[in-house]
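Single-structure report; data block below.
The values are calculated or read from the model by the stated rules, or taken from the named source; none is laboratory data. Bear in mind that the values here come from a model prediction, so they are computed numbers and not experimental data. Backbone-built Cβ (ideal geometry, glycine too); neighbour counts: all protein chains shown. These area figures cover heavy atoms from the full protein model, side chains too; ligands, DNA and RNA do not enter into them. Shrake-Rupley method; radii C 1.70, N 1.55, O 1.52, S 1.80 Å.
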Amino acid sequence: MSDQLKQEYQRVTQTLQYFENYSKEIQNQVEVLNNYLLDVQRSKATLSNVKIEENMDETLISLGSGVMMKAKPLESDKVYYNVGAGVIVTKKIDEAIDDLDSRVEEIQTKMAGLTDQLQQVYQQMQQLEQQGQAIVMQLQGGGKDAQYDPGLIS
């Protein structure tokens with residue numbers, strides 16, 4: 001009986017380790033998406049400011065990695081917009097802002113899905129921790145109150 005319990009405990013701890021690593025991966029994905037969301041929102045704010053100011057002499061342009069430079073826009077009604085795979089198109093500012101709004105919605109939807117997934121992983125981890133504690137109590141001999149159901153492990 002105790003060898004079987006030890007094997008079950010080992011399976012529970014291995015599964016817990018898997019879920020812990022998986023939850024870290026999800027957290028990293030959420031962090032990457034959050035950084036991308038901030039970048040998209042910054043771009044949208046910049047475009048909105050350019051649209052508001054008609055006679056703009058110069059503006060700060062983000063070059064990436066926190067580096068900016070002052071620039072004088074040659075055309076303040078058009079922007080160059082990356083649509084993916086290295087393809088860049090010219091769009092009116094309003095169109096670019098609408099596209100950025102769509103990107104924001106997509107990112108928020110992905111982040112919500114990942115957050116739900118992370119919550120489910122945490123719930124499963126909590127169940128596994130309870131199972132592991134019950135097994136330890138049984139192995140230590142104080143298991144009158146501890147109940148372990150091997151059918152709970154899937």
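Side notes on the structure shown:
- Q7 vs. criteria open to solvent by 50 Å² or more (accessible area, probe 1.4 Å) and under 30 Å from Q138 (Cβ atoms): yes
- K92 meets each of the listed conditions (1) within 20 Å of E53 (Cβ to Cβ); (2) out of contact with any strand residue (DSSP E or B) (no Cβ under 9 Å at 6 or more places or on another chain); (3) of a type in the set (D, E, K, R) apart from (2).
- Of the residues making up region 10-28, those that are open to solvent by less than 90 Å² (accessible area, probe 1.4 Å) and more than 28 Å from T109 (Cα to Cα) are V12, T13, T15.
- Scanning region 83-130 for residues that are of a type outside the set (K, R) and within 12 Å of V40 (Cα to Cα) returns A96, I97, D98, D99, L100, D101, S102, V104, E105, E106, I107, Q108.
- Close contacts from region 97-108, counting a first residue that is farther than 13 Å from V79 by Cα and a second that is open to solvent by 20 Å² or more (accessible area, probe 1.4 Å), with Cβ to Cβ under 7 Å and a gap of 6+ residues or different chains, come to V104/Q41; I107/L33; I107/Y36.
- Scan of region 18-37 for residues that are in contact (Cβ under 8 Å) with a residue 40 or more places away in the chain, among the aromatic types (F, W, Y) and under 16 Å from Q120 (Cα atoms), ordered by number: F19, Y22
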